[in-house]
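Enquirer: Following this message is one structure expressed as structure tokens.
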Amino acid sequence: MELPTSKLWFIIFTLKYFFFIFSFLSSTHVEATHSAGSNLFREYIGAEFNSVKFSDVPINPSVQFHFLLSFAIDYDTSSSPSPTNGKFNIFWDTDNLSPTQVSSIKSKNSNVKVALSLGGDSVGGGSAYFDPSSIDSWVSNAVSSLTNIIKEYNLDGIDIDYEHFKADPNTFAECVGKLIQTLKTNGVITFASIAPFDDDQVQSHYLALWKSYGHLIDYVNFQFYAYDKGTSVSQFIDYFNTQSSNYNGGKVLVSFISDGSGGLAPDDGFFTACHMLKSQQKLHGIFVWSADDSMANSFRYEKQSQALLAIPRN
């Protein structure tokens, strides 16, 4: 017995309708789950030349783990370094953090990605300035030099950590924004982050970048350890909420410094604050400065951070 054509079309329409509704609800749930929190752990490594290796750092298989090589800087490598207008050179410990070692740590740990951080605080005993000759020339040089480094080292992303500036906020925004955009479009990187802290000049530059190119920035590594040493849990939560508002819509990661010289220290309530944020589904991840310093305490707080991030959300 054949169904009437009208009934057959009705059944097909109904099935398509329910399939559409199911697909929509499923995708919405996945997105909501993804945005509610994260198990991302990130660690800067290599700036202090104390022979730390990727393999020294404990890696919890239940987290997403990013190493951030520190630093690539657009300065020359002479004894008295000077700016090179976007032509980046490597200033991390390449003897212990080589392309071979990048490939090794990634092949042994499927949850590990490795990125490089640009700029940093200092170079050759002086401040490392963002000092472009022009937007177009800086972007062209940066894309070329960084693409070469990223491919040589089999890297996955970049982090922007300039802390001193000889260019206005708009120039910084256009240079860095176009760099990220081009590297992503070219398939050279899959993620990008920024690393601001609470300083008027720093914030003016990074907020200009965020306003114009925030949609291309995956994580905000806010340096909460740049606040005064002895920060309380309640102050830390206030700082986090303020910066989450500043970088509205961004994944603002919380942070501590291994040597305890600033911010809310791990032994003084940092993990209490993390649990509070996690319970509110605001904990997007944790990052640490730095593996170099953490060697002294056998990476105790890296283990604790990752264990916390690995706890399933309710």
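Enquirer: Write out, first by first residue and then by second, each pair whose Cβ atoms fall under 9 Å of each other, whose residues are 6+ apart or on separate chains, and whose first residue, in the range 78-89, is closer than 19 Å to Ser140 by Cβ while the second is open to solvent by 50 Å² or more (accessible area, probe 1.4 Å) and outside any loop (DSSP other than H, G, I, E, B).
Expert: Sorted first by the residue in the range 78-89, then by its partner, the pairs are Pro83/Tyr129; Gly86/Ser140; Gly86/Ser144; Lys87/Ser144; Phe88/Asn148.
Enquirer: So, in the range 302-312, exactly how many residues are open to solvent by 10 Å² or more (accessible area, probe 1.4 Å) and either in contact with a strand residue (DSSP E or B) (Cβ under 7 Å, 6 or more places away or on another chain) or β-branched (Val, Ile, Thr) (or both)?
Expert: In the first step, residues of the range 302-312 are kept if they are open to solvent by 10 Å² or more (accessible area, probe 1.4 Å); the result is 303-304, 307, 310-312.
Then drop every residue that is not either in contact with a strand residue (DSSP E or B) (Cβ under 7 Å, 6 or more places away or on another chain) or β-branched (Val, Ile, Thr) (or both), which leaves 311.
Summing the residues that are open to solvent by 10 Å² or more (accessible area, probe 1.4 Å) and either in contact with a strand residue (DSSP E or B) (Cβ under 7 Å, 6 or more places away or on another chain) or β-branched (Val, Ile, Thr) (or both) in the range 302-312 gives 1.
Enquirer: Is it true that Ala72 is assigned to a strand (DSSP E or B) and touching a Leu at 6+ places or on another chain (Cβ under 8 Å)? Let's see the steps before the verdict.
Expert: Values: assigned to a strand (DSSP E or B): yes; touching a Leu at 6+ places or on another chain (Cβ under 8 Å): yes.
Yes; evaluated as a whole, the condition is true for this residue.
Enquirer: Across the range 275-295, what is the number of residues that are over 17 Å from Val63 (Cα atoms), open to solvent by 10 Å² or more (accessible area, probe 1.4 Å) and in contact (Cβ under 8 Å) with a residue 40 or more places away in the chain?
Expert: Number satisfying all stated conditions: 4.
Enquirer: With the requirement that a residue be among the small types (Gly, Ala, Ser) and in a helix (DSSP H, G or I), what does the range 237-258 give you?
Expert: Ser244, Ser245, listed by residue number.
Enquirer: Name the one entry in Phe172, Phe197, Phe130, Phe165 that is within 21 Å of Val254 (Cβ to Cβ) and either hydrophobic (A, V, I, L, M, F, W, C) or free of Cβ contacts under 8 Å to residues at least 40 places away in the same chain (or both). Lay out the reasoning, then the answer.
Expert: Values: Phe172 fails: within 21 Å of Val254 (Cβ to Cβ); Phe130 fails: within 21 Å of Val254 (Cβ to Cβ); Phe165 fails: within 21 Å of Val254 (Cβ to Cβ).
Of the residues listed, the single one that is within 21 Å of Val254 (Cβ to Cβ) and either hydrophobic (A, V, I, L, M, F, W, C) or free of Cβ contacts under 8 Å to residues at least 40 places away in the same chain (or both) is Phe197.
Yes/no matrix, rows are residues, columns are (1) under 20 Å from the mean Cα position of the chain (by Cα); (2) among the basic types (Lys, Arg); (3) more than 25 Å from Phe222 (Cβ to Cβ):
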site: Ile90; (1), (2), (3): yes, no, yes
site: Asp95; (1), (2), (3): no, no, yes
site: Leu116; (1), (2), (3): yes, no, no
site: Val123; (1), (2), (3): no, no, no
site: Pro132; (1), (2), (3): no, no, no
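Enquirer: Condition (residue is more than 29 Å from Pro169 (Cβ to Cβ), assigned to a helix (DSSP H, G or I) and in contact with a strand residue (DSSP E or B) (Cβ under 7 Å, 6 or more places away or on another chain)) applied to the range 259-270: is it met by at least one residue?
Expert: Of the residues in the range 259-270, the ones more than 29 Å from Pro169 (Cβ to Cβ) are 259-260, 265-270.
Add one more test, that the residue is assigned to a helix (DSSP H, G or I), and what stays is 266-268, 270.
Checking the rest, the ones that are also in contact with a strand residue (DSSP E or B) (Cβ under 7 Å, 6 or more places away or on another chain) come to 266, 270.
Yes, that holds for at least one residue.
Enquirer: Just to be sure I understand, how many residues within the range 275-285 are over 22 Å from Ile194 (Cα atoms) and either in a loop (DSSP other than H, G, I, E, B) or touching a Phe, Trp or Tyr at 6+ places or on another chain (Cβ under 8 Å) (or both)?
Expert: Total meeting the criteria: 1.
Enquirer: How many residues are in a loop (DSSP other than H, G, I, E, B) and open to solvent by 30 Å² or more (accessible area, probe 1.4 Å) if we restrict to the range 85-111?
Expert: Restricting attention to the range 85-111, the residues satisfying the condition of being in a loop (DSSP other than H, G, I, E, B) are 85-88, 91-98, 109-111.
Add one more test, that the residue is open to solvent by 30 Å² or more (accessible area, probe 1.4 Å), and what stays is 87, 91, 94-95, 109-111.
Total satisfying the criteria: 7.
Enquirer: So Asn141 ticks every box in (1) in contact with a Pro (Cβ under 6 Å, 6 or more places away or on another chain); (2) in contact (Cβ under 8 Å) with a residue 60 or more places away in the chain; (3) not hydrophobic (A, V, I, L, M, F, W, C) but one. Which box is left unticked?
Expert: Evaluating Asn141 over (1) in contact with a Pro (Cβ under 6 Å, 6 or more places away or on another chain); (2) in contact (Cβ under 8 Å) with a residue 60 or more places away in the chain; (3) not hydrophobic (A, V, I, L, M, F, W, C) leaves (1) as the failure.
Enquirer: Select, from Phe236, Phe240, Phe224, the only residue that is aromatic (Phe, Trp, Tyr) and under 15 Å from the mean Cα position of the chain (by Cα). Please lay out each step first, then the result.
Expert: On the way: Phe236 fails: under 15 Å from the mean Cα position of the chain (by Cα); Phe240 fails: under 15 Å from the mean Cα position of the chain (by Cα).
Selected residue: Phe224, the only one of Phe236, Phe240, Phe224 that is aromatic (Phe, Trp, Tyr) and under 15 Å from the mean Cα position of the chain (by Cα).
Enquirer: Which one of these does Lys211 not meet: (1) under 27 Å from Ile158 (Cβ atoms); (2) out of contact with any helix residue (DSSP H, G or I) (no Cβ under 8 Å at 6 or more places or on another chain)?
Expert: Unmet for Lys211, out of (1) under 27 Å from Ile158 (Cβ atoms); (2) out of contact with any helix residue (DSSP H, G or I) (no Cβ under 8 Å at 6 or more places or on another chain): (2).
Enquirer: Hey, another quick one. Name the single residue, out of those in the range 248-274 being buried (at least 22 other Cβ atoms within 10 Å of the Cβ) and among the hydroxyl-bearing types (Ser, Thr, Tyr), that is farthest from Ala195 (Cα to Cα).
Expert: Ranking the candidates gives Ser258 first.
Enquirer: Taking the range 112-128 only, how many residues are out of contact with any helix residue (DSSP H, G or I) (no Cβ under 9 Å at 6 or more places or on another chain) and surrounded by fewer than 21 Cβ atoms within 10 Å (Cβ to Cβ)?
Expert: 6
Enquirer: Exactly one condition in (1) at negative phi; (2) at pLDDT 95 or above is not met by Gly285; state its number.
Expert: Status for Gly285: all satisfied but (1).
The values are calculated or read from the model by the stated rules, or taken from the named source; none is laboratory data. Only a predicted model underlies this, so the values are computations on that prediction, with no experimental measurement involved. So basically every Cβ, Gly included, is an ideal-geometry build from the backbone, and we count neighbours across all protein chains shown. Heads up: the accessible areas ignore ligands, DNA and RNA and are worked out on the full protein's heavy atoms, side chains in. Shrake-Rupley method; radii C 1.70, N 1.55, O 1.52, S 1.80 Å.
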